[in-house]
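The values are calculated or read from the model by the stated rules, or taken from the named source; none is laboratory data. What you see is a predicted model; the values in this text were computed from it and never measured. FYI the Cβ positions are ideal-geometry reconstructions off the backbone, even for glycines, and counts take in every protein chain you see. For the accessible areas, the whole protein counts, side chains as well, though only heavy atoms, and no ligand, DNA or RNA atoms are used. Shrake-Rupley method; radii C 1.70, N 1.55, O 1.52, S 1.80 Å.
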Amino acid sequence: MQTKRLNLVDTAWLNVDTPNAPMQVGGLLTFQLPDDAPADFCATLFERWRTHAAAERPWNQRLRGGRWRNVAPEWELLEEIDIEYHFRHSALPAPGGELELGTLTSRLHSNPIDLTRPPWECHLIEGLAGNRFALYLKIHHSLLDGVAGMRLLARALAQDPAERGRPPFWAIAPRKSSRPATPDTQRPGLYRALAEIVGEASEQVSSLSGFAGIVRDMLRSARSGAGSMGLPFAAPSSVLNGRITAPRRYATQLYSLAEFKALAENAGVTINDIILTVCGTALQRYLHEIGELPSRDLTAGIPVSVRPADEPDDEDLGNAITFIIANLATTENDTATRLARIAESTRAAKTSLERLSGSAITQYTVALMAPYILSLVSGMAGRTRPVFNVTVSNLPGPKEALFVEGARMEAFFPTSLVTHGQALNITIHGYADTLGFGFIGCRDSLPSLQHIAVYAGEAVDELRQLYGPKVSKKRSARAGATTAKKRTSKTRSTKAAAPKRGTEKDD
């Protein structure tokens, strides 16, 4: 039987999985039916896709049993999958609104994936108001990271609205790798694990100087007390970083990518800086509302993909990410000043990361995340000081419109994982000219989590006022500066401009 060993990061995601904190990621995709769609469009699509019981990699990968499962776990490749388990059909009471869709998504994402099967599920959901339907996809993080998963999903959708009969994502064969197979790929898992560790030793030693450099940058920033670089374990303890329970709450917002690009250009910062400012402002107001705002700045862990853009689909489709840490400047009451401090923080982190080789990035990632992973394994997560307060991910997506049997995908809202010590996750996914924000958190830890999405809307509205089309050059230069003087002005809370589609989900 053909097998494939999990890498170190994928193994970690597998070993820290618990019923209260299942390590699963995914997305909620909404589609607009064509005007001439028959009433049984969704039922017909479901029946046709269900005929595809032969899945391709990685969708046919199941954890291999045996004594070494937790030490050197391997994927075994199945010829067929139980399609009735993996692909399911749901319907909302018509006309289903955003609240009903969010309630269902929250419940689906709360349930752990069955790890005795290929670790993924897909749900086709019909009955949405406005002649729409949705697909909800859930994947265990040990199988794929978000970038790889969305790349495979996008390949399964058509760019031509007239195309019909395209197979579902799990039935599309990956592109073949140009790298020749080696004898070791057929060795037993434990043997191969040891061989790979020995083979990589010299490369890891040669990268120690680069890893040491980024450590020096962190120590220098810590000693100065005024450094802008985000530091691990510099985060204050907060309600975001305690123990969690299984139920989830989920909220979304949808914004224009073109507008965020214009705001970033006018402010002299990156799109990611704008996103972090939206998140930092929303968190500050939410935590103040519930009486839990720390007196020190919150920090965000930002996953950064190190996967080559041209990597074939048949390469290692596990996780290829590292993290940088940014200061969210939640002690600031002024949005422009907060943006300036966030931009300075992310620049410092990126400058240090860009100097590292691939092997040094691996060392840095392990050094940064090992204490967090160990806290999860030991049961201490949520009881000790966090590495950072919240994860904020910004994932790239397809730039062109995509279709399923002529139905246009209108939005992609990511769903991610929360863990002990990280009760909230904010993930943003690009698609065409949209940015879909997904806020997911522990229902019991964060009351009225949907208010974070509302405050995110207020933050976007304030950024429009500061850096919109009529912004002055003097004001736009303020956030782009590497340092900014604090201004003492009251931040006016404005009503959020309504996004194209957004949800405030409470379950």
Residues of the range 433-470 being of a type in the set (Asp, Glu) and under 26 Å from Gly268 (Cα atoms), in sequence order, are Asp433, Glu458, Asp461, Glu462
Do you know which of the residues in the range 256-284 that are touching a strand residue (DSSP E or B) at 6+ places or on another chain (Cβ under 8 Å) and open to solvent by 10 Å² or more (accessible area, probe 1.4 Å) is farthest from Asn327 (Cα to Cα)? Ser256
Is the range 47-55 home to any residue that is in contact (Cβ under 8 Å) with a residue 40 or more places away in the chain, among the basic types (Lys, Arg) and surrounded by 16 or more Cβ atoms within 10 Å (Cβ to Cβ)? no
